[in-house]
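The values are calculated or read from the model by the stated rules, or taken from the named source; none is laboratory data. Values in this document were obtained by computation on a predicted structure and should not be read as measured data. Ideal geometry is used to build each Cβ from the backbone, glycine not excepted, and the neighbour counts take in all protein chains shown. Areas reflect the complete protein model, heavy atoms only, side chains present, ligands, DNA and RNA absent. Shrake-Rupley method; radii C 1.70, N 1.55, O 1.52, S 1.80 Å.
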Amino acid sequence: MPAITASAPAKTILYGEHAVVYGQPAIAVPVRDLRTKVTIQALPGMPANHVEIISEEAGVRSFWLQLPQGDPLRISLDLFLRHFKLAHLMAMRIIINSDIPYASGLGSGASVSVALFNALAAFCGLQPPPEEINHLAFEIEKLHHGTPSGIDNTVIAFDSAIYYQHDHPMEMLKIGQDLHFMLIDTGVRSSTVQAVSDVRSLLNRYPDLYSPIISEIGSISQEAKTALALGDAALLGQLMQRNQALLRKLNVSHPAIDLLVAICEHSGALGAKLSGAGRGGHVISLLGSPENKVLAENLGDNGFYNFRTFTLARQTWSD
Ligand code: PMV
């Protein structure tokens, strides 16, 4: 039996992180140049449930049933078996490779889950729709995040720019013109669980102060949806700036994020903000053109060398 390979992209949140946890809409897009790849090889002659798992990046080289009970990879395989009502797994070797940095706002955990479930399904001759893969990945997100909104697994499982609001049907977005972004790594790793829990504490203690901020972030996502459909890059940049100012008020920015946002502003970018949980991770910046040499130079001058551009392609859904 030939090896099976499945892969899944990274993601970035353009608008609405944190507010999305409280039922507000948010916008996320896949970053297809950064991927998790899962390869599964059959191990003929080995007994059922002999499942080797190798992930160099996560430092895992183990057998499924020897992983600790709470390990997300172990739970993923248990869940897969239960969900598809399989009596056992055929002997196999699962190799996971990812170029998505961990704990940096790019959805590394959800990307591993989606690629893994797609690879396992293909290996077992199953063809679940993206909704089903999304549902499984969401279960694993709960282990990583505690109370995830579901945006990471959804944007990655559907591999499409989405407008996401919990308990509403997910919408695939219209994009009126090609938009060019730069993702810049602050180099600071941060905990999503901690940032989400700190925002929750603020909201619980001072609801009058913080609830309006959450609602305003939701309004920004709504405006951004229309601006994306129109391809209004200038307005999209302004909305990113407004969103960043509100995220600072929620205390999820970081000196490195503030510095990067200022560098982007002074280098002619249309807007910039943190992306994901904040407190580190990546800054997402909207550029007016596919490249911004001044910005790249200014980043280097300030010691930031880890950045990449990507294009969100025009998408009208009637093309
Ligand atoms: O840090 P990330 O990339 O997993 O993004 C978290 C986004 C939050 O809105 C802060 C949490 C969530 O579950 O939506």
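Sort through Arg205, Arg279 and tell me the only one that's touching a helix residue (DSSP H, G or I) at 6+ places or on another chain (Cβ under 6 Å), open to solvent by 20 Å² or more (accessible area, probe 1.4 Å) and at pLDDT 95 or above.
Values: Arg205 fails: touching a helix residue (DSSP H, G or I) at 6+ places or on another chain (Cβ under 6 Å).
Only one candidate qualifies: Arg279.
Please determine, by comparing only the residues of the range 297-318 that are aliphatic (A, V, I, L, M) and not in a strand (DSSP E or B), which one is farthest from the chain's Cα centre (by Cα).
First, pick out the residues of the range 297-318 that are aliphatic (A, V, I, L, M): 299, 312-313.
From what is left, the residues that are not in a strand (DSSP E or B) are 299, 313.
Numbers: Leu299: 24, Ala313: 18 Å.
By that ranking, first place goes to Leu299.
Show me the helices (runs of 4 or more DSSP H) found entirely inside the range 69-155 where at least 3 residues are modelled with pLDDT under 95. Let's see the steps before the verdict.
Working: elements: 72-83, 108-123, 130-145.
Helices (runs of 4 or more DSSP H) meeting the threshold: 130-145.
I'm trying to understand the selection: among the residues of the range 151-185, which are buried (at least 23 other Cβ atoms within 10 Å of the Cβ) and of a type in the set (D, E, K, R)?
Result: Asp152, single match.
Out of all the residues in the range 108-122, which are open to solvent by 10 Å² or more (accessible area, probe 1.4 Å) and either touching a strand residue (DSSP E or B) at 6+ places or on another chain (Cβ under 7 Å) or over 30 Å from Gly16 (Cα atoms) (or both)?
To start, the set of residues in the range 108-122 that are open to solvent by 10 Å² or more (accessible area, probe 1.4 Å) comprises 108-109, 112, 118, 122.
Selection gives Ser108, Val112, Asn118, Ala122.
Can you tell me which of (1) among the hydroxyl-bearing types (Ser, Thr, Tyr); (2) within 30 Å of Leu247 (Cβ to Cβ); (3) in contact with a helix residue (DSSP H, G or I) (Cβ under 7 Å, 6 or more places away or on another chain) is the one Ser7 doesn't meet?
Evaluating Ser7 over (1) among the hydroxyl-bearing types (Ser, Thr, Tyr); (2) within 30 Å of Leu247 (Cβ to Cβ); (3) in contact with a helix residue (DSSP H, G or I) (Cβ under 7 Å, 6 or more places away or on another chain) leaves (2) as the failure.
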